[in-house]
Amino acid sequence: MSGVGTQKVFEDDRVIVWHLDLEPGQHGEQHTHTLDYVVRVISESTLEVLEPTHELLYDVQLEAGPAVSFQLDGDQIISDRPGYPAVPVTHSAQNGGSETFREVLIEFKN
């Protein structure tokens with residue numbers, strides 16, 4: 001199982017900071033979230049969120065802009081933004097858009 005981003009760029013006793021970059025059509029590694037986190041999309045695109053079985057859960061257009069907070073709730077991840085569907089803690093994503101997708105993800109250690 002890989003990390004929650006494509007590159008870990010910082011870690012201390014409070015946070016882990018990741019970059020996630022996916023080119024059009026690129027499929028990210030399956031991973032499991034174990035910490036609450038916040039995401040800031042830098043370069044928007046459409047992401048296809050996939051279950052561990054690689055079955056498509058949904059497409060979501062992620063726009064650049066304000067940060068979005070996510071909290072673990074059992075085996076699901078819940079967003080603070082209305083309209084975002086719950087996601088299994090173990091999943092992968094594929095860039096279904098025509099532009100490179102980029103985000104910064106910050107995990108909060110307990």
The stretch 3-37: number of residues that are surrounded by 14 or more Cβ atoms within 10 Å (Cβ to Cβ) and of a type in the set (Asp, Glu)
2
Is there a residue being touching a strand residue (DSSP E or B) at 6+ places or on another chain (Cβ under 7 Å), within 19 Å of LYS109 (Cβ to Cβ) and surrounded by fewer than 16 Cβ atoms within 10 Å (Cβ to Cβ) anywhere in the stretch 56-69?
yes
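For residues that are of a type in the set (Phe, Trp, Tyr) and in contact (Cβ under 8 Å) with a residue 12 or more places away in the chain, scanning just the stretch 3-50, find the one that is nearest to SER98 (Cα to Cα). Walk me through it before giving the result.
The initial filter retains those residues of the stretch 3-50 that are of a type in the set (Phe, Trp, Tyr), namely 10, 18, 37.
Pick out the ones that are also in contact (Cβ under 8 Å) with a residue 12 or more places away in the chain and you get 18, 37.
Working: TRP18: 23, TYR37: 27 Å.
Checked the stretch 3-50; the qualifying residue nearest to SER98 (Cα to Cα) is TRP18.
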Starting from residues that are assigned to a loop (DSSP other than H, G, I, E, B) and charged (D, E, K, R), keep the ones in the stretch 70-101 and report whichever is modelled with the lowest pLDDT.
ARG81
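Using the structure shown, decide if SER79 is closer than 26 Å to ARG14 by Cβ and either hydroxyl-bearing (Ser, Thr, Tyr) or touching a helix residue (DSSP H, G or I) at 6+ places or on another chain (Cβ under 6 Å) (or both).
Judged against the criteria, SER79 is a match.
The values are calculated or read from the model by the stated rules, or taken from the named source; none is laboratory data. Not measured: the values here are computed from a predicted model. Counting neighbours? That spans all protein chains shown, and the Cβs are built from the backbone with ideal geometry, glycine included.
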